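Taking it in order: structure first as structure tokens, then the write-up.
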Amino acid sequence: ISEENILGALILVVDTTEKHKLEMVRREFSSNVSHELKTPLTIINGYAEMIEAGMAKQEDVKRFSSIIREEGTRLLYLIDSIMRLSKIEEKQAKDYFPVDVYSVAQDTANRLSIAAADKNIDLHISGEKTIINANQTMIEELLFNLIDNGIKYTKPLGNVSVDIGKDKYHCYIKISDTGIGIPKKDQGRIFERFYTVDKSRTRKTESTGLGLSIVKHIVEYHHGIIELRSQENKGTKIMVTLPNNL
């Protein structure tokens, strides 16, 4: 057998394996989307049918309507998250402009200050002006998801801190919280689409399981690196390293 034939066979095997992996990812994604969409729709239909059939007492109608509205809002947020993730994956051309990451972090913290105050969480931003070439909308989304996650999974009276730093070639985004942490067995999968550590916990925090997946795709779009360290009941630290292309 010639070297060319061997090489050709190896390429065919690799290509087939990659296609098989992509097909499995596609099927898993479709299955997860179907499941995540079906849950709120089932709840909405169930309560709506009870009201329509006159099975709900008058005092229950308001509560049932509130549940329907909450599940409808969750459904819209889920669809919006899926669409945003799809747009990030489809983007090929690098839509970069100078972005001050520190300024974006401050603005994001202001947007989430009420959510932090509601839980008496100390939300602290530190760092310095850090300008890189990036997609501003994506950087805003990245910081929003990471800070929002920190607040969601930190108990009242806890802390969420954001530190923005830089060197000659990189920008560093470090986000730490004193939250419930992530079990070691789940840490390798936490950036997968729809992956959540605890479904009951996800319901309480209104998480779609897409936030960290969106973050990972944004980091990859900017050719960056994301690292996670976490301990149960002690907190989580996430560091994003983005190249400075100025």
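The values are calculated or read from the model by the stated rules, or taken from the named source; none is laboratory data. Not measured: the values here are computed from a predicted model. Here the Cβ positions follow ideal geometry from the backbone for every residue, glycine too, while neighbour counts run over all protein chains shown. Keep in mind that these areas ignore ligands, DNA and RNA; they rest on the heavy atoms of the full protein, side chains included. Shrake-Rupley method; radii C 1.70, N 1.55, O 1.52, S 1.80 Å.
Within region 93-114, track down each residue that is farther than 16 Å from Leu242 by Cα and buried (at least 17 other Cβ atoms within 10 Å of the Cβ).
Listed by number, the residues that qualify are Thr108, Ala109, Leu112.
On the basis of being open to solvent by 20 Å² or more (accessible area, probe 1.4 Å) and at pLDDT 90 or above, does Lys237 make the cut? Steps first, please.
Working: open to solvent by 20 Å² or more (accessible area, probe 1.4 Å): yes; at pLDDT 90 or above: yes.
Yes; evaluated as a whole, the condition is true for this residue.
Please identify the pairs in which a residue from region 115-143 that is under 18 Å from Ile175 (Cα atoms) has its Cβ atom under 7 Å from the Cβ atom of a residue that is surrounded by 15 or more Cβ atoms within 10 Å (Cβ to Cβ) and of a type in the set (Phe, Trp, Tyr), counting only partners at least 6 apart or on another chain.
Pairs that qualify, where the first residue is under 18 Å from Ile175 (Cα atoms) and the partner is surrounded by 15 or more Cβ atoms within 10 Å (Cβ to Cβ) and of a type in the set (Phe, Trp, Tyr), are Gly127/Tyr102; Glu128/Tyr102; Lys129/Tyr102; Thr130/Tyr102; Met138/Tyr221.
Applying the selection to region 160-176, what residues are within 15 Å of Ser230 (Cα to Cα) and open to solvent by 70 Å² or more (accessible area, probe 1.4 Å)? First the steps, then the outcome.
Residues of region 160-176 that are within 15 Å of Ser230 (Cα to Cα), as a first pass: 160-161, 174-176.
Selection gives Lys174 alone.
All but one of (1) touching a helix residue (DSSP H, G or I) at 6+ places or on another chain (Cβ under 8 Å); (2) assigned to a helix (DSSP H, G or I); (3) at pLDDT 80 or above; (4) farther than 27 Å from Pro243 by Cα hold for Ala56; which doesn't?
Here Ala56 clears every test but (2).
Among the residues of region 61-74, is there at least one that is closer than 24 Å to Ile182 by Cα, at pLDDT below 85 and open to solvent by less than 40 Å² (accessible area, probe 1.4 Å)? Steps first, answer last, please.
Restricting attention to region 61-74, the residues satisfying the condition of being closer than 24 Å to Ile182 by Cα are 74.
From the residues that got through so far, the ones that are at pLDDT below 85 too are 74.
Add one more test, that the residue is open to solvent by less than 40 Å² (accessible area, probe 1.4 Å), and what stays is 74.
Taking every residue of region 61-74 in turn, at least one turns out to be closer than 24 Å to Ile182 by Cα, at pLDDT below 85 and open to solvent by less than 40 Å² (accessible area, probe 1.4 Å).
Do we have Ser81 as of a type in the set (Ser, Thr, Tyr), over 19 Å from His217 (Cα atoms) and at pLDDT below 70 here?
Answer is no for this residue.
How many residues does region 125-169 contain that are among the aromatic types (Phe, Trp, Tyr) and part of a helix (DSSP H, G or I)?
Restricting attention to region 125-169, the residues satisfying the condition of being among the aromatic types (Phe, Trp, Tyr) are 144, 153, 169.
Cutting the leftovers down to part of a helix (DSSP H, G or I) gives us 144.
So the count comes out to 1.
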